[in-house]
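The values are calculated or read from the model by the stated rules, or taken from the named source; none is laboratory data. Everything quoted here is computed from the prediction, not taken from an experiment. Every residue, glycine as well, gets a Cβ built from its backbone with ideal geometry; the counts of neighbours run over all protein chains shown. With ligands, DNA and RNA removed, areas are computed over all heavy atoms of the protein, side chains included. Shrake-Rupley method; radii C 1.70, N 1.55, O 1.52, S 1.80 Å.
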Amino acid sequence: MPIIERTGSPTPFGSTQTLKGVNFSIYAPYANSVTLHLFDTERSPIKTISISSKTGSIWHIELQNLPDTI
């Protein structure tokens, strides 16, 4: 299954497991953009995601259908 990107929530900060996936929330008040890099357990890159959802200085995204190897 492909990874599904949703808006997510600005809180709590960091990565948090949700009922449907994982929410990522990053405080970056001076950032013009934020990119999330996903790696598997072997440290091989899986996916690069540009986060577009922003609330104030907090960038956020929820990812669903993440593989177990992340």
Whole-Hz couplings from phi, Karplus 6.51/-1.76/1.60, listed for region 23-33; x for Gly and Pro = 9, 10, 9, 10, 7, 8, x, 10, 7, 8, 7
key: Label-point gap, in nm, between residue 69 and residue 22 - each point 7 angstrom along Cα→Cβ   = 1.5
key: ³J(HN,Hα), Karplus 6.51/-1.76/1.60, whole Hz, each residue of region 2-9, x for Gly, Pro   = x, 6, 9, 9, 10, 4, x, 10
request  = Show the residues, 5+ positions off or on another chain, whose built amide H is closer than 5 Å to the amide H of residue 34.
outcome  = 51
Percentage relative contact order, the chain, counting C-alpha pairs under 8 Å, at least six apart = 42
remark   = Result for the chain: accessible area per residue, probe 1.4 angstrom, in square angstrom, of 69
query = Taking the Cα-to-Cβ direction at residue 6 and at residue 50 and moving 7 Å from each Cα, how far apart do the two end points lie in nm?
reply = 2.4
message = As an exercise, use a Förster radius of 22 Å and the Cβ-Cβ distance of residue 33 and residue 13 to find the FRET efficiency, rounded to the nearest 0.05.
response = 0.75
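Quick one: with all protein chains in place, what share of the accessible area of the chain is carbon or sulfur, to the nearest percent (1.4 Å probe)?
52
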message = Nothing charged except the Cβ atoms of Lys and Arg (+1) and of Asp and Glu (-1): what's the magnitude of the dipole of region 1-68 about its Cα centre? Round to the nearest 20 debye.
response = 180
